[in-house]
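Beneath this line is the structure, given in structure tokens, with notes to follow.
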Amino acid sequence: METPKIFEKEYKFCLILWEHEPIRSPELSRLCAEQLGWKPSTTYTVIKRLSDRGVLKNENMIVTSLISKEEAQASEIEEFVEEKFEGSVPAFFAAFTKKQKLSEKELDELQAMIDLARKRGN
């Protein structure tokens with residue numbers, strides 16, 4: 001199943017949801033007013049849109065996500081690499097490391113991910 005698209009403002013909403021879920025919709029609306037400056041009607045519209053797209057569910061005024069933060073991030077990165085780097089992860093990594101200095105710890109973490117991917121046969 002393909003991960004539904006989550007747009008920029010919806011993602012900010014989802015960050016609040018992921019931090020507090022499961023959460024009652026009135027409480028979520030209050031948090032969105034405080035953190036995003038949204039009116040309640042905006043929050044409820046976003047809840048409906050994301051529910052229709054399969055990103056979250058809203059049952060009995062309790063909102064929970066159906067897509068994890070990690071799934072949403074992975075989908076965005078995949079789309080970004082596909083659009084900007086013609087699907088080439090090495091090209092993306094080369095561009096990223098050209099401007100970004102990585103610490104030894106970060107390099108070790110990346111190497112561990114590469115080693116794990118090799119073991120899994122990815």
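Please treat every number below as a calculation from the coordinates, not as lab data. These figures come from a predicted structure and were not determined experimentally. Backbone-built Cβ (ideal geometry, glycine too); neighbour counts: all protein chains shown.
For residue 83, the shell of other residues with beta-carbons less than 14 Å away shows a net charge of -3, using +1 for Lys and Arg and -1 for Asp and Glu.
A compact globular protein would have a Cα radius of gyration near 2.2 N^0.38 Å; the ratio found for the range 8-69 is 0.95.
Farthest toward the positive end of the dipole of the chain, out of 58, 33, 113, is the Cα of 33, where the dipole comes from beta carbon charges about the Cα centre. May I ask for the angle, rounded to the nearest 10°, between helix 89-99 and the longest principal axis of the chain, with both axes built from Cα atoms and the value confined to 0 to 90°? Helix 89-99 sits roughly 90 degrees off the main axis of the chain. The simple spin-label model puts a point 7 Å past each Cα toward its Cβ; for residue 8 and residue 60 those points are separated by 3.9 nm.
Across the range 71-87, computed HN-Hα scalar couplings (Karplus, 6.51 cos²θ - 1.76 cosθ + 1.60, θ = phi - 60°) run 5, 5, 5, 4, 5, 5, 5, 4, 5, 4, 5, 5, 6, 8, 10, 6, x Hz from first to last residue, x flagging Gly and Pro. Placing +1 on the Cβ of every Lys and Arg and -1 on the Cβ of every Asp and Glu, with no other charges, gives the chain a dipole of roughly 280 debye about its Cα centre. For the range 18-27, 3J(HN,Hα) computed residue by residue from phi via the Karplus equation (6.51, -1.76, 1.60; θ = phi - 60°) reads 4, 6, 10, 6, x, 9, 6, 4, x, 5 Hz, glycine and proline entered as x. Using the alpha-carbon atoms, what tilt in degrees (0 to 90, nearest 10) does helix 40-52 show relative to the longest principal axis of the chain? Here the helix axis deviates by roughly 60 degrees.
Between amide H atoms placed 1.01 Å from N, distances below 5 Å from residue 24 occur with 63, all of them 5 or more places distant or on a separate chain.
Phi angles of the range 28-35 translate, via the Karplus equation with coefficients 6.51, -1.76, 1.60 and θ = phi - 60°, into HN-Hα couplings of 4, 4, 5, 5, 5, 5, 5, 8 Hz per residue; Gly and Pro are given as x.
Count neighbours as other Cβ atoms within 10 Å of each site's Cβ, and list the trypsin sites (Lys or Arg not before Pro) in the range 1-59 that are DSSP loop with at most 13 such neighbours. Those satisfying the criteria are 5.
Quick one: if the Förster radius is 25 Å, what FRET efficiency do residue 19 and residue 86 give, using the C-beta to C-beta distance and rounding to 0.05? Here the calculated transfer efficiency is 0.10.
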